[in-house]
Amino acid sequence: MTEVRRSEVARTRAWVLEAPGSDLVLTEVALSPPGPGQVLVRIRATGVCASDVHVLDGRLPKPMPFVPGHEAAGEVVAVGTGVDDLDPGAHVVLSILPRCGTCAACAAGRANHCAWAADLAGTGTLDGIHTGWHLPDGRPLHHFNGVSSFAAHVVAPRSGVVEIDPGLAFSRAALLGCAVATGVGAVRNAARVAVGDTVAVIGCGGVGLNVIQGARMAGAHRIVAVDVDPATLALAERLGATDVVDAAHQDVRTVVPQLVAGGVDHAFDAIGRPSALEDAFAITAAGGAAIAVGLYATDDRITLDAFPLIGERRLVGTYLGGVDPHVDVPALARDALSGRLELDALIMERSFEELPAAIADLRAGRTLARQVLVLA
Ligand SMILES: [Zn+2]
Ligand SMILES: [Zn+2]
């Protein structure tokens, strides 16, 4: 094991957000060595997700200054005291779901709602107090749920670091931290899609395409992909969609119940837009469920017809697909290595320095699937 003294401070580069609405600035920052129970990770690939844009816009409030990025893979550089199960050089995926293991949620087996992790997310720290890095002027930089991967190196809690098979390329592995975990996890844990079920997916971005893949792997009989972009719908078909609906020209609430008589067993909102969740509920068959996969703003509201509830329809919430990262991420890595889970088609690689352009393209809807920044 490599242990690093706390007094040693290294320098690294990070994209820093000073305030919502301002531009990200690539800055040299000072990084403390990993403390007890922490791991220093060299980031090798990090995906650009709509949730990052929510933070940039202030729709997901975070303490500032702040380093966004929450979907990443890298390699272990050093570990702090008490970390005896990870070696330097190990390939890892970072998870926004660290855990204490002892709070009520953890004890109940619902570690993705860990109270300690919620405190870290709210305070932007690694342990409730320290952030592990600071700006040249001495101000502490805040964390994105213990990941903050728009940086060349990061210190993360051990419980948010998941070792994976080193055979999987970093740019593919990064997606397992958010888009794939959220999409496939929503199918397996929230919806529990079974062989022969029918599914609709509204919004076929990085998460929605993985809902489609999850439904295909679960043996869904019909998978209806809904999006406004023809190229995206073509990719959705390649990944398992049996039917496509061009929402730019077709009414979802009319067309989906025509394609699948009576509606679908599972309708996913993979956008995180209230109107998409309302559409999902409206196309759900009796006994089925609408699953809210996207991340909504804190002031979003939905309006639903009450009468269809007599058909025992359900509205289901999920957070990061309800996954246990330490179980599900290595399993998804094995699925990817075996070819069962397709990742190559989902990825557009860009350089670390291209982050502002990647965000602009994401905002404008100019990109298919997921942009992944690759660090040499
Ligand atoms: Zn994300
Ligand atoms: Zn806990």
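The values are calculated or read from the model by the stated rules, or taken from the named source; none is laboratory data. Note that this is a predicted model, so its numbers are computed, not measured. Methodologically, a virtual Cβ is constructed for each residue, glycine included, from the backbone with ideal geometry; neighbour enumeration extends over all protein chains shown. Areas reflect the complete protein model, heavy atoms only, side chains present, ligands, DNA and RNA absent. Shrake-Rupley method; radii C 1.70, N 1.55, O 1.52, S 1.80 Å.
Expected output is a single nm value to one decimal: the length gained when fully extending between D300 and A360, i.e. 0.36 nm times separation in residues minus the C-alpha distance. What is it?
19.3 nm
Rounded to the nearest 0.05, what FRET efficiency do A231 and D57 give with R0 = 35 Å and r taken as the Cβ-Cβ distance? Could you check?
Details: r = 26 Å, r/R0 = 0.74.
The value I calculate is 0.85.
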Q: Could you state, as a whole-number percent, how many of the C-alpha pairs of the chain are farther apart than 34 Å?
A: 25
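Which whole-number value in Å² is the accessible area per residue of the range 190-340, probe 1.4 Å?
Numbers: 6480 Å² over 151 residues.
Ligands and nucleic acids excluded, the figure is 43 Å² per residue.
Averaged across orientations, what area in nm² does the convex hull of the alpha carbons in the range 1-117 project? Don't skip to the answer; put the middle values down first.
Working: hull surface 33.1 nm².
If I average the Cα hull's projected area over directions, I get 8.3 nm².
Is the range 290-372 best put as rounded, prolate or oblate by its Cα gyration tensor, with a ≥ b ≥ c the root eigenvalues, rounded for a/c under 1.5, and otherwise prolate when a/b is larger than b/c, oblate when not? Working shown, then result.
Values: a/c = 2.56, a/b = 1.41, b/c = 1.82.
Since a/c reaches 1.5 but b/c is at least a/b, the shape of the range 290-372 is classed as oblate.
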Q: Multiply the residue gap between A10 and M217 by 0.36 nm, knock off their C-alpha separation, and tell me the result in nm, one decimal place.
A: 70.1 nm
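Give the ranking of I271, I283 by solvent-accessible surface, highest area first, calculated with a 1.4 Å probe. Mind showing how you got there, number by number?
On the way: I271 70, I283 0 Å².
These residues rank, largest area first, as I271, I283.
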Q. How many percent of all Cα-Cα pairs in the range 72-212 sit more than 22 Å apart?
A. 48
Q: State whether the range 183-319 is rounded, prolate or oblate according to the following rule on the C-alpha gyration tensor (a ≥ b ≥ c being the square roots of its eigenvalues): a/c under 1.5 gives rounded; otherwise a/b larger than b/c gives prolate, and the remaining case gives oblate.
A: rounded
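Quick one: pull the percent of accessible area on the chain belonging to carbon and sulfur, 1.4 Å probe, ligands and nucleic acids left out. Write out the running numbers ahead of the final one.
Numbers: 7730 of 14810 Å².
Carbon and sulfur: 52 percent of the exposed surface of the chain.
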Q. Of V25, V154, which has the most accessible area with a 1.4 Å probe, and how do the rest follow in descending order?
A. V25, V154
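Tell me, in nm to one decimal, what length is gained between I129 and R340 on full extension, where the rule is 0.36 nm per residue of separation less the Cα-Cα distance? Provide the component values of the computation, followed by the final result.
Details: separation 211, 0.36 × 211 = 75.96 nm, distance 4.21 nm.
Computed gain between I129 and R340 is 71.8 nm.
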Q: Between A104 and E349, with labels modelled 7 Å along Cα→Cβ, what's the label distance in nm to one decimal, could you check?
A: 4.7
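Can you give the FRET efficiency for A286 and A194, using 1/(1 + (r/R0)^6), R0 = 22 Å, r = Cβ-Cβ distance, to the nearest 0.05?
Numbers: r = 16 Å, r/R0 = 0.75.
With a Förster radius of 22 Å, E is 0.85.
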Q: Return the percentage of antiparallel bridges among DSSP beta bridges fully within the chain, rounded to the nearest 5 %.
A: 55
Q | In Å², nearest 10: area of H113 left accessible to a 1.4 Å probe | A | 90
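At R0 = 51 Å, how high is the FRET efficiency between S275 and D119 if r is their beta carbon distance? Nearest 0.05 is fine.
Here the calculated transfer efficiency is 0.95.
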Q.
Rolling a 1.4 angstrom probe over the protein chains, ignoring ligands and nucleic acids, what is the accessible area of T46 in square angstrom, nearest 10?
A. 0
Q: Note down the accessible area of E349, probe 1.4 Å, to the nearest 10 Å².
A: 100
